[in-house]
Amino acid sequence: MTHKLIKTAMIVLAMITGISGTTAYAQKDNAPADKSDPRTWRDEGLYYYNQSEPNNLFVPIDANQPEGTKSGGYGTHVAQAYSGGWATNKQQSLMSGAHAKRQIHHTSPKFYFYFKSDNITPNQFTLVRFIEKRNNRIMVTGRSNAYGSTSGIDEKQKVDFTYDKIADGTFKVYTRDPLSEGEYCFIYTGSAASSFADVVYDFGITSE
């Protein structure tokens, strides 16, 4: 009788363990088979939800690096000289090429961010619209004159976005208003050290 009770208890325990060990949407190392579900864990990074291609829904937004920085120029120095130092000198970060390799054909795109660290959220990123030039894209990162300086991305280039947490380490990111055609990037602006620092995730919005 004792052996039967023990066996029965073990079966019940196994059933309970099996139920409690199963989640509707396993996270990170326990990803379910449904790769079309955004709650399914993917490699850490930023993804564009490619609604036009059901067989390729989650497209990585590749990390890119600015080719360099630029500050002022002859015209700025002349302006400062004639304005008593009041003229503004802009510090600029330059991206090579007029367009990002990743072009998105929707003006209201959705993105999904996947983070291994629980300390990172999309709130530590900034969505920036580049100033477009013939052969590069520009992000203003500071201003200075003879009387002081400020650092940080130009407020005029920032684009508002919002996000929803849909699972541990997984966030849906979107803008409330459609994006205008142009060149953009997500950039990590958090203060904590991160593998997302010092790179940009650039993309373009086009109707073509």
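The condition (being in contact (Cβ under 8 Å) with a residue 60 or more places away in the chain, on the phi < 0 side of the Ramachandran plot and basic (K, R)) is satisfied by just one residue among K133, K172, K156: K172. Looking across segment 31-48, just one residue is among the aliphatic types (A, V, I, L, M) and modelled with pLDDT of 95 or more, and that is L46.
Residues that are at pLDDT below 65 and assigned to a strand (DSSP E or B) within segment 49-93 comprise just one, S71.
There is no residue in segment 113-122 that is surrounded by 14 or more Cβ atoms within 10 Å (Cβ to Cβ), over 15 Å from the mean Cα position of the chain (by Cα) and charged (D, E, K, R).
In this structure, is V200 touching a helix residue (DSSP H, G or I) at 6+ places or on another chain (Cβ under 6 Å), buried (at least 20 other Cβ atoms within 10 Å of the Cβ) and within 23 Å of M95 (Cβ to Cβ)?
Details: touching a helix residue (DSSP H, G or I) at 6+ places or on another chain (Cβ under 6 Å): no; buried (at least 20 other Cβ atoms within 10 Å of the Cβ): yes; within 23 Å of M95 (Cβ to Cβ): yes.
So V200 fails the test.
Consider segment 182-200. How many of its residues are in a strand (DSSP E or B) and among the aliphatic types (A, V, I, L, M)? Number satisfying all stated conditions: 2.
The values are calculated or read from the model by the stated rules, or taken from the named source; none is laboratory data. From a predicted model like this one, the values you see are computed outputs, not experimental measurements. Methodologically, a virtual Cβ is constructed for each residue, glycine included, from the backbone with ideal geometry; neighbour enumeration extends over all protein chains shown.
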